[in-house]
Amino acid sequence: MNIVLLGAPGAGKGTQAALMVEKYGLAHVSTGDLLRAAVNEGTELGLEAKGFMDAGELVPDSLVISLIKERLAAPDASKGVIFDGFPRNTLQAVALSAEFDLMGEKIDAALAIQLDAEVIVKRLSERRCCRDCGYIGSTQDPVCPKCGGEMYQRDDDMPDTIRNRLDVYEKSTAPLIDYYRGAEVLYEIDGDKHPDEVFQSIQDILG
Ligand code: ADP
Ligand code: ZN
């Protein structure tokens, strides 16, 4: 089973992906996580990506697509994949379909998590992440509730960058909802609920 998670930044894709990994045993492929890891390791790709990320712009497609191809070649990807933060525009969606055709794979469902813009801005400005295990929490978590690690604010969770990321989402990524509707794999989910309730809606769809 291969799943694409769609939704604005802050819609809860990362949180739902973690729950889906546990329940369905799929591999979590987050281009945001892969890019942040490259930035932290100081690789050439990371250095090239950082400026785009801090500005809330999309990293160039060629970089992201090569990261994805490499990730899909890893052994755990064969058990099925949850794409989180990818594809982010039509070119990336077409590249993914082409790669999957070559691999004899297909996308079984695209889950679009819907949330109003005001809720998103509030969530992102209060979001804090664990430096050690990647847990996604908020200003309400003084330390990571999972591992006790330090919680930090992502460089791109600052008000100006948040607004730009929402603009980029509307312009480049939201059209993918129609793309996957056309492919007859789209499911829309209300994201303005407790994570457990959102996850219940996902399980109702995936079984
Ligand atoms: P969020 O969904 O909260 O914006 P992500 O972790 O998915 O966060 O992405 C953070 C940043 O990484 C994006 O703003 C963008 O700069 C870059 N990025 C992530 N995925 C992609 C992608 N598929 N294409 C281009 N840039 C990406
Ligand atoms: Zn942690």
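Read-outs: derived from the displayed coordinates by stated rules, not from any lab. All values reported here derive from a predicted model rather than from experimental measurement. Glycine gets a Cβ as well: all are built from the backbone with ideal geometry, and neighbour counts include every protein chain shown.
Data table
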read-out: Straight-distance crosslink candidates among aspartates and glutamates, where the alpha carbon sits under 13 Å from LYS106 and sequence neighbours closer than 8 are dropped; value: GLU184
read-out: Alpha carbon centroid spacing (whole Å) that separates the range 60-116 from the range 163-204; value: 15
read-out: Label zone at SER97 (point 7 Å along Cα-to-Cβ), backbone N below 20 Å, the range 1-27; value: 1-7
read-out: Beta bridges by DSSP in the chain, antiparallel share as percent, to the nearest 5; value: 25
read-out: Straight-distance crosslink candidates among aspartates and glutamates, where the alpha carbon sits under 14 Å from LYS171 and sequence neighbours closer than 8 are dropped; value: GLU57
read-out: Residue pairs, from the table LYS13/LYS79; LYS50/LYS79; LYS13/LYS69; LYS122/LYS146; LYS23/LYS50, whose Cα atoms sit over 25 Å apart; value: LYS50/LYS79; LYS23/LYS50
read-out: Length-normalised contact order of the range 63-207 in % [C-alpha pairs under 8 Å, at least 6 apart]; value: 27
read-out: Within-14-Å neighbourhood charge of ASP178 [Cβ basis; K, R +1; D, E -1]; value: -1
